Amino acid sequence: MTTLAQYLQTHTTAQIASTMTTLATASVAISNLLSQGALAGIHGEAGGQNVQGEAQKKLDVISNDLLLNSLIQNPNCAGVASEELDDINPANENGTLLVTFDPLDGSSNIDINMTVGTIFSILPYHNQGQKATESDFLQAGKHQVAAGYFIYGTSTMLAVTFGAGVAMFSFDPVSQNYVLINEKVTISEQTAEYAINSSNRRYWLPPIQQYIEELTQGDTGVRNKDYNTRWVAAMIADVHRILIRGGIFMYPYDTKIEGKAGKLRLMYEANPMSFIIEQAGGASTDGVQRIMDIEPTGIHQRIPVVLGAKEEVEYIKALHEMAGILANGEKA
Ligand code: F6P
């Protein structure tokens, strides 16, 4: 049996290991609160709105505070950015790492007793001796030194990459340890399962319209096989399913909300999940380019996301190319 603590000793630097330990400790506290559910008084709305204009659930706020307060006390952490907070939080000027997180992805699932999770990304910090600013965080995803998620489902699990494959851990409530269950998670290049919110169909660009049309035609259409849909409406759960049994996940560019290039956030969701998926042998694109090559322009930037089985992702990219789509839905 290998615990997370043992794994960290041999698979990453002391600084990243310490930061991961801080994240894991906070995740256990969040998981405990979630398992108490209504009894912990965490259901319902907290009253405020996050920076994306969405209502904050009570546990969003609690999880955010738990993660933030413990990370800023970690001497390795030079700064923290949360999906729930307008501004980044500078931490230890001599730290070597920056952390971004989505404290509770899929938080609308809490009240219905469904899966939620914490997504995190760790970036290098290059300005030691100076207070971290937002621009320090604006690094392309390919510079991440670690990324992953804690998923609070029927059990609590962790998937993490340090750039050399993906490891998966399961939390043991008896020993209170994350225990390694798979040290090299890989996903198939092909799939017959896809995840997309089809209610947005009329807002998609032609390449995604065409793609979904082909899949729904099943064995009567050009793909010549039947496909199955799964949509948990929590990216964390949809990505976790893909890591376990393959598939493709899409929250593509859509014209539903003017000026917003998709729904998901580059720094808190798209980059960390892309790192995980690529390290497991999958691929990730915004439809036009590799997500981890995108130079961020803002800490809360939104981005279209297509990730999972390599062959499907490449096919969707080819459909965008053929349609002459440039970044953010613009046509050439
Ligand atoms: O963070 C946004 C999010 O909750 C993702 O986790 C999830 O994939 C998506 O929104 C669900 O969106 P929709 O409400 O359109 O199904």
Item checked: segment 223-235: number of residues that are away from the ligand (no atom under 14 Å from the Cβ) and on the phi < 0 side of the Ramachandran plot -> 5
Item checked: Scan of segment 302-311 for residues that are touching a strand residue (DSSP E or B) at 6+ places or on another chain (Cβ under 7 Å) and either open to solvent by 10 Å² or more (accessible area, probe 1.4 Å) or not assigned by TED's automatic domain parsing to the domain that holds ARG245 (or both), ordered by number -> ARG302, LYS310
Notebook entry, point to check: If you go through segment 112-147, how many residues are of a type in the set (Gly, Ala, Ser) and either open to solvent by 20 Å² or more (accessible area, probe 1.4 Å) or out of contact with any Phe, Trp or Tyr (no Cβ under 9 Å at 6 or more places or on another chain) (or both)?
Noted result: 3
Next item on the list: Please indicate, with yes or no, whether at least one residue in segment 267-274 is open to solvent by 30 Å² or more (accessible area, probe 1.4 Å) and either under 20 Å from PHE162 (Cα atoms) or more than 11 Å from the ligand (Cβ to nearest atom) (or both).
Entry: no
Checklist line | Residue that is nearest to GLU330 (Cα to Cα) [pool: residues in segment 236-261 that are open to solvent by 10 Å² or more (accessible area, probe 1.4 Å) and near the ligand (Cβ under 10 Å from one of its atoms)] | finding: ASP254
Note to self: For the structure I just gave you, tell me whether GLN176 is in contact with an Asp or Glu (Cβ under 9 Å, 6 or more places away or on another chain), open to solvent by 40 Å² or more (accessible area, probe 1.4 Å) and modelled with pLDDT of 95 or more.
What the structure shows: no
Note to self: On the basis of being within 21 Å of the chain's Cα centre (by Cα) and assigned to a strand (DSSP E or B), does ASP86 make the cut?
What the structure shows: no
Note to self: Taking the criterion of being touching a strand residue (DSSP E or B) at 6+ places or on another chain (Cβ under 7 Å), more than 16 Å from the ligand (Cβ to nearest atom) and open to solvent by less than 10 Å² (accessible area, probe 1.4 Å), would at least one residue in segment 70-77 satisfy it?
What the structure shows: yes
Item checked: Pair list, Cβ < 8 Å and 6+ apart or interchain, from segment 259-283 residues that are among the acidic types (Asp, Glu) to residues that are in a strand (DSSP E or B) -> GLU269/ASP102; GLU269/ASP105; GLU269/ILE119; GLU269/VAL305; GLU278/SER284
Next item on the list: Just name the residue that is nearest to the ligand (Cβ to nearest atom) out of those in segment 144-200 that are of a type in the set (Val, Ile, Thr), part of a strand (DSSP E or B) and within 21 Å of ASP238 (Cβ to Cβ).
Entry: ILE151
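The values are calculated or read from the model by the stated rules, or taken from the named source; none is laboratory data. These numbers come from a predicted model, not from an experiment. All Cβ positions, glycine included, derive from the backbone under ideal geometry; neighbour counts span all protein chains shown. Heavy atoms of the whole protein, side chains included, go into the accessibility calculation; ligands, DNA and RNA do not. Shrake-Rupley method; radii C 1.70, N 1.55, O 1.52, S 1.80 Å.
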